[in-house]
Amino acid sequence: MSFRADLKAGHTAEDEFVLLLNSFGIKAGRNTATNQREMALYDVWDEHYQTYEIKFDRRVSETDNVYLEHEALSHSNAHFIVYKLDIDNKFYILDRAGALYAMELPQFKVVSGGDKWGAGTLIPVDEFRKIFRDCNEVFKTASKKTTTTSKVKKKAVDSDINIRPEQKRKV
């Protein structure tokens, strides 16, 4: 697939995520920066001053793995990393620190790939779903009473895996 097609699919995923946030009563929009540096900081913002990096993995149905691109996630300043998967068209969320940490776990394979054939971590989709949270569940739970940033943040940070500092991949 070409870069232009990937970019278009990414922008569509960003628009869909904005609509998802709006459906939970959270005002949101896409980053409208015009210079490269500011565009790279995050993809979507919300009214609670939270920012999101949106990724669309369109090959999960072929590989059964989710590809976490090191350079893209490392350079983003977003509070949360959000992935849309082609196998279920759902969005999954984790705080940026948790996503960066998951990339370093030694049980996951590091390969070359992505837009620039840089390093990335392959996480089996079943393991990915234990680490990242389904956005519908996160925002539904957070909005039952009142949507607050702290509720969304807490729900997006919780995960089923127990990550200890000694598990981090040695570089």
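The values are calculated or read from the model by the stated rules, or taken from the named source; none is laboratory data. A quick note: this is a predicted structure, and the numbers were derived from the prediction, not measured. Heavy atoms of the whole protein, side chains included, go into the accessibility calculation; ligands, DNA and RNA do not. Shrake-Rupley method; radii C 1.70, N 1.55, O 1.52, S 1.80 Å.
Viscosity 1.306 mPa s, temperature 10 °C: what is the translational diffusion coefficient of the range 1-101 from Stokes-Einstein with a Kirkwood Rh over Cα pairs, rounded to a whole number of µm²/s?
Values: Rh = 13.9 Å.
My calculation gives 114 µm²/s for D.
Please list, or write none, the aspartates and glutamates whose alpha carbon is within less than 17 Å of the alpha carbon of Lys27, excluding same-chain residues fewer than 8 places away.
Within reach: Glu14, Asp15, Glu16, Asp43, Asp46, Glu47, Glu53.
Expressed as a whole percentage, what fraction of the accessible surface of the range 6-112 belongs to carbon and sulfur atoms when a 1.4 Å probe is rolled over the protein heavy atoms?
Values: 2640 of 5290 Å².
The computed percentage sits at 50.
With the cut-off at 22 Å, tell me which of the pairs Lys109/Lys130; Lys8/Lys140; Lys8/Lys55 have Cα atoms farther apart than that.
On the way: Lys109/Lys130 17 Å; Lys8/Lys140 28 Å; Lys8/Lys55 12 Å.
Distance filter (> 22 Å) returns Lys8/Lys140.
Rounded, prolate or oblate: which one fits the range 45-101, using the alpha carbon gyration tensor with axes a ≥ b ≥ c (rounded when a/c is under 1.5, else prolate when a/b beats b/c, else oblate)?
Values: a/c = 2.57, a/b = 1.55, b/c = 1.66.
Taking the square roots of the gyration eigenvalues as a ≥ b ≥ c, the range 45-101 is oblate.
With a 1.4 Å probe and all protein chains left in place, how much accessible area per residue does the range 1-98 have, in Å²?
Numbers: 5220 Å² over 98 residues.
With the other protein chains kept in place, the range 1-98 gives 53 Å² per residue.
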